[in-house]
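Worksheet: the structure to be examined is printed underneath.
The values are calculated or read from the model by the stated rules, or taken from the named source; none is laboratory data. Note that this is a predicted model, so its numbers are computed, not measured. Positions of Cβ are backbone-derived with ideal geometry, glycine not excepted, and every protein chain shown enters the neighbour counts.
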Amino acid sequence: MFSYYGNHGLGDSSRIPIANHNVLYQIDLSSYIEDKRGNTYNIDNFVVTDDFVYGTLEGLPEEGKTAYFVFDLKLSRIENFENETAFNAYLISKGLNKNVKYQDFSYYYDQYWSGWRFFLLP
């Protein structure tokens, strides 16, 4: 099945290439990221910078908690945090802005595939 947010062909998945051969994926409106070992992490809202992707993991509704992640693009390594205090301390240690608005996958998808790249889509 073809969809507008398809994998630029047939299917219902989409991707956003980011630094060092890393990719953000989305399938059936569920976004995820994969580290160099092949572990996948379902992500919710996030920020993409030159060296990091960070934000919230898809929460577990039964627990009512929010989990956080920081993906180091140079090392292809993901750090998980179960509380906001540890997450903010890590952001500060890496010089990242903790007071930024997190966006969803579709925001970054539109940012990446707009303009001249749009004409490369089949």
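Quick one: which residue in Phe52, Phe118 is out of contact with any strand residue (DSSP E or B) (no Cβ under 9 Å at 6 or more places or on another chain) and either at pLDDT 90 or above or not hydroxyl-bearing (Ser, Thr, Tyr) (or both)?
Values: Phe52 fails: out of contact with any strand residue (DSSP E or B) (no Cβ under 9 Å at 6 or more places or on another chain).
On inspection, the qualifying residue turns out to be Phe118.
Between a residue in the range 79-108 that is without any contact (Cβ under 8 Å) to a residue 60 or more places away in the chain and any residue that is in a loop (DSSP other than H, G, I, E, B) and surrounded by 13 or more Cβ atoms within 10 Å (Cβ to Cβ), which pairs come within a Cβ distance under 7 Å, given they are 6 or more apart or on different chains?
Asn80/Ala67; Phe81/Ala67; Glu82/Ala67; Asn88/Lys98; Leu91/Lys98; Ile92/Lys98; Leu96/Thr49
What is the residue count in the range 1-26 for residues that are loosely packed, with under 15 Cβ neighbours inside 10 Å and modelled with pLDDT of 85 or more?
The total comes to 2.
Which of the residues that make up the range 10-51 are touching a helix residue (DSSP H, G or I) at 6+ places or on another chain (Cβ under 9 Å) and at positive phi?
The one that is touching a helix residue (DSSP H, G or I) at 6+ places or on another chain (Cβ under 9 Å) and at positive phi: Leu29.
May I ask you to verify whether Val53 is in contact (Cβ under 8 Å) with a residue 24 or more places away in the chain and not in a loop (DSSP other than H, G, I, E, B)?
Values: in contact (Cβ under 8 Å) with a residue 24 or more places away in the chain: yes; not in a loop (DSSP other than H, G, I, E, B): yes.
In short, yes.
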